[in-house]
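Engineer: My questions all concern the structure below.
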DNA sequence: ATTTAATATCGTAATATTGCAATATAATAA
DNA sequence: TTATTATATTGCAATATTACGATATTAAAT
């Protein structure tokens, strides 16, 4: 007990939850924010920008990469990451679906 | 150590992460999915639909309500919850911003 | 070959989350 | 007033996450 009952939910529900979970940390939001401000793929400076130690940043980057939120590669001494539109779009479509569905009904909830 | 360094990030980054965190669980995704299938506000049957015990569902509902993802109230014996468009839109706008920002640049990342 | 620089991995401590049994609360019904 | 029904709260065990020091890896520079 205490463990998430993954097997009780649909693949889609689990996959979506995983992507959302990867996005759901201020450090990872900050990484994405930073990725958007730079014109080129990031190269090492990300550790200097964040108020976290290098291993921690590395771990967050790994998590973002594993879930497909960022893509790219480690090229020798430096990293080259940028946001993967495809995964962001999955989440946006989910939210669009919610908003569309709400719009169709006339539920009243104060 | 081990605790999220909330104070190191902006209010916006933290708030967004909190909303995303509330969405980031298969049970809570399932609750939202279910809320979209019913025409009326839910009334008690949500516990029967989910493969979780009543206290667990109650806790998930509380978390969704605390972050503003669902709104509504407990009316005597039953609950009346539905999705709060406002909060969903905050997340969608964030994602739209990401996608818009990506579109403007020409970063190449394989 | 050694050094240097950038990133990854391991190990571990602190904290957070998840799930549920037991129990409490609150409102309606009898 | 006493059931009954629906939901909330408490307490706790199991697991997951977060952060970082120490160390490893990897590639370029010297």
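The values are calculated or read from the model by the stated rules, or taken from the named source; none is laboratory data. The structure displayed is predicted, hence computed values, not measured ones. For neighbour counting, all protein chains shown are included, and Cβ atoms are generated from backbone atoms with ideal geometry for every residue, glycine included.
Engineer: With the requirement that a residue be more than 11 Å from DNA strand C (Cβ to nearest atom) and under 19 Å from residue A:73 (Cβ atoms), what does segment A:29-58 give you?
Structural biologist: A:31, A:32, A:34, A:35, A:38, A:39, A:40
Engineer: Which helices (runs of 4 or more DSSP H) does segment B:11-73 wholly contain that include 1 or more residues that are surrounded by fewer than 20 Cβ atoms within 10 Å (Cβ to Cβ) and more than 13 Å from DNA strand D (Cβ to nearest atom)?
Structural biologist: The helices (runs of 4 or more DSSP H) meeting that bar are B:11-23, B:26-37.
Engineer: Ok, one more. Limited to segment B:75-91, what total is found for residues that are near DNA strand C (Cβ under 10 Å from one of its atoms) and within 12 Å of another protein chain (Cβ to nearest Cβ)?
Structural biologist: So the count comes out to 1.
Engineer: Does at least one position in segment A:99-110 carry a residue that is more than 9 Å from DNA strand C (Cβ to nearest atom) and surrounded by 19 or more Cβ atoms within 10 Å (Cβ to Cβ)?
Structural biologist: No, segment A:99-110 contains no residue that is more than 9 Å from DNA strand C (Cβ to nearest atom) and surrounded by 19 or more Cβ atoms within 10 Å (Cβ to Cβ).
Engineer: State whether one or more residues within segment B:81-90 are within 8 Å of DNA strand D (Cβ to nearest atom) and touching a strand residue (DSSP E or B) at 6+ places or on another chain (Cβ under 8 Å).
Structural biologist: No, segment B:81-90 contains no residue that is within 8 Å of DNA strand D (Cβ to nearest atom) and touching a strand residue (DSSP E or B) at 6+ places or on another chain (Cβ under 8 Å).
Engineer: Could you give every pair whose Cβ atoms fall below 8 Å, whose first residue belongs to segment B:54-67 and is modelled with pLDDT of 95 or more, and whose second residue is within 8 Å of DNA strand C (Cβ to nearest atom) and not in a helix (DSSP H, G or I), counting only separations of at least 6 or pairs across chains?
Structural biologist: Pairs that qualify, where the first residue is modelled with pLDDT of 95 or more and the partner is within 8 Å of DNA strand C (Cβ to nearest atom) and not in a helix (DSSP H, G or I), are B:60/B:25; B:60/B:52.
Engineer: Here's something else I'd like to know. Please indicate, with yes or no, whether at least one residue in segment B:3-14 is at pLDDT below 95, within 8 Å of chain A (Cβ to nearest Cβ) and more than 15 Å from DNA strand C (Cβ to nearest atom).
Structural biologist: Among the residues of segment B:3-14, not one is at pLDDT below 95, within 8 Å of chain A (Cβ to nearest Cβ) and more than 15 Å from DNA strand C (Cβ to nearest atom), which makes the answer no.
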